[in-house]
Amino acid sequence: MAVLPQTPRLEKDDLLKVETAVYGYLLQRHFWDGGEYAAIFLQADDAEVAAIRRIFPNHAPPIKSADRAELRPGRTPVERDTGKPAMILSVDVSEPEGDTVEAIGRWYAGDAVTGHYTFSLKRVNGEWTIENVR
């Protein structure tokens, strides 16, 4: 019986570190400037949203979990609590190759306000740092 090679996977702690690095970069880009956004929603689990909020405690607009967003196809997401426009950030991480990994960080506030960056990250002394952004 042939043994299939195992696909390398990031441990949960490493995945959190990669996603945190990418969210941190995106949150410093100010895609929402000039807009009337009530919230920035992260497509992440509660622990990750809490970790990002600790890093950016006074972020304006406030960072919230995506479960508070009301999504309408092709239109700007809305914060359920206020009914005001919001933006959604998400991160998709590929499988690692040694001490490097690729990730895509996306932002979405309707069909007219959307985009992404592709990130190359490297593990250095147990931490993931962004090496390149395209």
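The values are calculated or read from the model by the stated rules, or taken from the named source; none is laboratory data. Computed from a predicted structure; not experimentally measured. Methodologically, a virtual Cβ is constructed for each residue, glycine included, from the backbone with ideal geometry; neighbour enumeration extends over all protein chains shown.
Computed values, structure above
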quantity: Conditions (1) surrounded by fewer than 16 Cβ atoms within 10 Å (Cβ to Cβ); (2) in contact (Cβ under 8 Å) with a residue 24 or more places away in the chain; (3) closer than 14 Å to Thr20 by Cα; number of the one not met by Ala50; calculated: (2)
quantity: Boolean, Ile40 is without any contact (Cβ under 8 Å) to a residue 40 or more places away in the chain, surrounded by 20 or more Cβ atoms within 10 Å (Cβ to Cβ), in contact with a strand residue (DSSP E or B) (Cβ under 6 Å, 6 or more places away or on another chain) and among the aliphatic types (A, V, I, L, M); calculated: no
quantity: Asp92 closer than 25 Å to Asp13 by Cβ, among the charged types (D, E, K, R) and modelled with pLDDT under 95; calculated: no
quantity: Any chance Asp14 is surrounded by 13 or more Cβ atoms within 10 Å (Cβ to Cβ) and either outside any strand (DSSP E or B) or in contact with a helix residue (DSSP H, G or I) (Cβ under 9 Å, 6 or more places away or on another chain) (or both); calculated: yes
quantity: Restricting segment 69-87 to residues that are in contact with an Asp or Glu (Cβ under 6 Å, 6 or more places away or on another chain) and assigned to a loop (DSSP other than H, G, I, E, B), the residue that is surrounded by the fewest Cβ atoms within 10 Å (Cβ to Cβ); calculated: Gly74
quantity: Residue tally, condition free of Cβ contacts under 8 Å to residues at least 60 places away in the same chain, over 22 Å from Phe41 (Cα atoms) and part of a strand (DSSP E or B), over segment 108-134; calculated: 5
quantity: Every residue from segment 67-86 that is out of contact with any Ser or Thr (no Cβ under 8 Å at 6 or more places or on another chain), under 15 Å from Trp107 (Cβ atoms) and either small (Gly, Ala, Ser) or touching a residue at least 60 places away in the same chain (Cβ under 8 Å) (or both); calculated: Ala69
quantity: Residue that is of a type in the set (Gly, Ala, Ser), touching a residue at least 40 places away in the same chain (Cβ under 8 Å) and closer than 21 Å to Thr129 by Cα, where the choices are Gly98, Gly105, Gly24, Gly35; calculated: Gly105
quantity: Output for segment 51-66, where each listed residue is under 21 Å from Ile104 (Cα atoms) and aliphatic (A, V, I, L, M); calculated: Ala51, Ile52, Ile55, Ile63, Ala66
quantity: Positions within segment 8-19 being in contact (Cβ under 8 Å) with a residue 40 or more places away in the chain and more than 15 Å from Asp99 (Cβ to Cβ), in sequence order; calculated: Glu19
quantity: Identity of the residue in segment 4-35, modelled with pLDDT under 95 and of a type in the set (Val, Ile, Thr), that ends up farthest from His59 (Cα to Cα); calculated: Thr7
quantity: Which listed residue, of Ala66, Ala60, is aliphatic (A, V, I, L, M) and surrounded by fewer than 12 Cβ atoms within 10 Å (Cβ to Cβ); calculated: Ala60
